[in-house]
1. Take the residues of region 78-115 that are basic (Lys, Arg) and surrounded by 12 or more Cβ atoms within 10 Å (Cβ to Cβ): which is nearest to Lys16 (Cα to Cα)?
2. Within region 1-52, restricting attention to residues that are closer than 17 Å to Arg106 by Cβ and in contact (Cβ under 8 Å) with a residue 40 or more places away in the chain, which residue is surrounded by the fewest Cβ atoms within 10 Å (Cβ to Cβ)?
3. Determine whether region 120-143 contains at least one residue that is closer than 18 Å to Asp8 by Cβ, polar (S, T, N, Q), in a helix (DSSP H, G or I) and at pLDDT 80 or above.
4. More than 19 Å from Lys98 (Cα to Cα), assigned to a helix (DSSP H, G or I), of a type outside the set (Gly, Ala, Ser) and at pLDDT 90 or above: which single residue out of Glu47, Glu64, Glu58, Glu14 fits that description?
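The values are calculated or read from the model by the stated rules, or taken from the named source; none is laboratory data. These figures come from a predicted structure and were not determined experimentally. Cβ placement follows ideal geometry from the backbone for every residue including glycine, while neighbour counts extend to all protein chains displayed.
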Amino acid sequence: MSEQIADDLLKLLEIKKELLIKMLASFRRSAKLLDNGDMEAFDREMEDCGKLAAMVDELAAPEENMNGHFSDARQKDAIIKANREILYVLGQIEQAQKACNETARRKLQDFGRQIKTVRRTKKGIDGYSNQMKRREAFFIDAKK
């Protein structure tokens, strides 16, 4: 029985690793899309990444239930190796996420500068156009 559980756990860990590799690729694509300014594709990519993360989370409960139900040293070594590979991919995902966040921070700064420039230009245009308007003066006679 424990051999079957160990085999199932190995399959589950392989599925988890594949999902994490897809998530890593998604983060890398999203950083490129964000850098290129393709916000619609970036949003779609982030939705796909969220779906992948949800699938990985769904695998967590069965994985925890299966852990520790095997005794063969070879099975244990294979499971430890699979867990190490998963941890490596998770580290890569963390780096890709940091790169994506840095790209987003840069884009926000660029957008902020552009907004300030547009506001200054608008303020200058409004000030110039106000000079061209003819202003009329009204006098109030206090005696009336």
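1. Taking region 78-115 as the starting set, the residues that turn out to be basic (Lys, Arg) are 81, 84, 98, 105-107, 113.
When the remaining residues are screened for being surrounded by 12 or more Cβ atoms within 10 Å (Cβ to Cβ), the result is 81, 98, 106-107.
Values: Lys81: 13, Lys98: 22, Arg106: 32, Lys107: 32 Å.
Only one residue tops the list, namely Lys81.
2. For region 1-52, the residue satisfying everything is Gly37.
3. Initially, region 120-143 is screened for residues closer than 18 Å to Asp8 by Cβ, giving none.
No, region 120-143 contains no residue that is closer than 18 Å to Asp8 by Cβ, polar (S, T, N, Q), in a helix (DSSP H, G or I) and at pLDDT 80 or above.
4. Numbers: Glu47 fails: more than 19 Å from Lys98 (Cα to Cα); Glu64 fails: at pLDDT 90 or above; Glu58 fails: at pLDDT 90 or above.
Checking each option against the conditions leaves just Glu14.
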